[in-house]
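Novice: Below are the C-alpha cells for one structure; questions will follow.
The values are calculated or read from the model by the stated rules, or taken from the named source; none is laboratory data. Small disclaimer: the values here were computed from a predicted structure and weren't measured. We place every Cβ from the backbone using ideal geometry, glycine too, and count neighbours over all the protein chains shown. Heads up: the accessible areas ignore ligands, DNA and RNA and are worked out on the full protein's heavy atoms, side chains in. Shrake-Rupley method; radii C 1.70, N 1.55, O 1.52, S 1.80 Å.
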Amino acid sequence: MKCISTNKLKFIALISMTLDHIGAVLLPQNLFITTILKIFGRIAMPIFCYLIVIGLFNTRNCVKYLARLLLFAIISEIPFNLCFGSSIIYVRKQNVFFSLFIGLLVIFLIEKDKMYFLSENPFISNIIEYLLLIIGCVTAYYIKCDYTYFGIVMIYLFYTLRFYGILSIVSQIIINVIFMGGIQGFASFALIPICMYNGEKGSESQLLKWLFYTYYPVHLTILYLIKIIIM
C-alpha cells in the first residue's frame, strides 16, 4: 500500500536517527539499551539516501540543494564533534550531511554526463559515470564521512536502479547485510517504508522544509547539553 509521502519518510528517518543518537550520546554505558536504540537507528541512513535521489529529480535548483547540504554539513560539524568526540575538533569522523552532499554531487554530475555524452558516446559516458562514483567513494573514505563510501554507494544504487524495483531492493540488502554486516543488517527494514512511498511530497510548508535541515544540528546540540548536565 503506497501511503507514505516524502515528508513522512523524513519524519521516520529523523525519529530513527534520534533514537540512535540518544543511545550513543546519553547511554553509552548501557550496552543493552544502546544496542536496541542502534537497531532502530539503522533505518535512518537508507531512507536519507533514498530521499537524496528523490530530491535530485524534484528540486527546482540542484545547485542550491547542494549548497544547503554543504552549509548544514559545516553548521553541524561542531555539535557532531562535541557529541561523538567530546571536542570541538574531531577528525576521526564527519557528520552525515557530508555523506549526503557527496552522494548528491555524484549523481548530479552523472545526470549532467548522461545529458551531454550518453547519446553521442555511451562508452565515454559510462566511463565518466564510474569515475565519478569512484572519486565520490574515495573522497568520502578519506575525509571519514559517516558511513564512508557505503553511503555514497547506497545513494548511487537507489539512483541507478530506480526503474528496477526488485534489483534496487536486493542491492540495498546486499550492501547492508553482506558488505556492512552485523547490526547494520537491520537497515534493510528501511526498505519497508521506502516501498510504501507514494511519490507525493506532502506539505509544501517552508517551516517543515527548514525543520528537516535544522533538526540535525539542533538535536545534537540539545543532546550534548543534556550530556554535560547529567554526566
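Novice: Take the conditions among the β-branched types (Val, Ile, Thr) and in contact with a Gly (Cβ under 8 Å, 6 or more places away or on another chain) and apply them to Thr59. Does it pass?
Specialist: no
Novice: Any residue at all in segment 127-135 that's of a type outside the set (Phe, Trp, Tyr), open to solvent by 50 Å² or more (accessible area, probe 1.4 Å) and modelled with pLDDT under 95?
Specialist: yes
Novice: Of everything in segment 40-81 that's among the β-branched types (Val, Ile, Thr) and assigned to a loop (DSSP other than H, G, I, E, B), which residue is farthest from Ile222 (Cα to Cα)? Can you show your working first?
Specialist: Just the residues of segment 40-81 that are among the β-branched types (Val, Ile, Thr), to begin with: 43, 47, 52-54, 59, 63, 74-75, 78.
If we keep only those that are assigned to a loop (DSSP other than H, G, I, E, B) too, we end up with 43, 59.
Working: Ile43: 22, Thr59: 30 Å.
Per the stated criteria, the residue is Thr59.
Novice: Which residue pairs have Cβ atoms under 6 Å apart, sit 6 or more places apart or on different chains, and have a first residue in segment 27-38 that is open to solvent by 50 Å² or more (accessible area, probe 1.4 Å) and a second that is acidic (Asp, Glu)?
Specialist: Lys38/Asp20
Novice: Here are Lys112, Lys93: which of them is under 17 Å from Phe57 (Cα atoms) and open to solvent by 70 Å² or more (accessible area, probe 1.4 Å)?
Specialist: Only one candidate passes the filter, namely Lys112.
Novice: Which residues, counting only those in segment 136-174, are touching a residue at least 12 places away in the same chain (Cβ under 8 Å), open to solvent by 50 Å² or more (accessible area, probe 1.4 Å), under 18 Å from Leu104 (Cα atoms) and of a type outside the set (S, T, N, Q)?
Specialist: Ile143, Lys144, Tyr149, Arg162, listed by residue number.
Novice: Go through segment 175-219 and count every residue that is of a type in the set (Val, Ile, Thr) and open to solvent by 60 Å² or more (accessible area, probe 1.4 Å).
Specialist: 4
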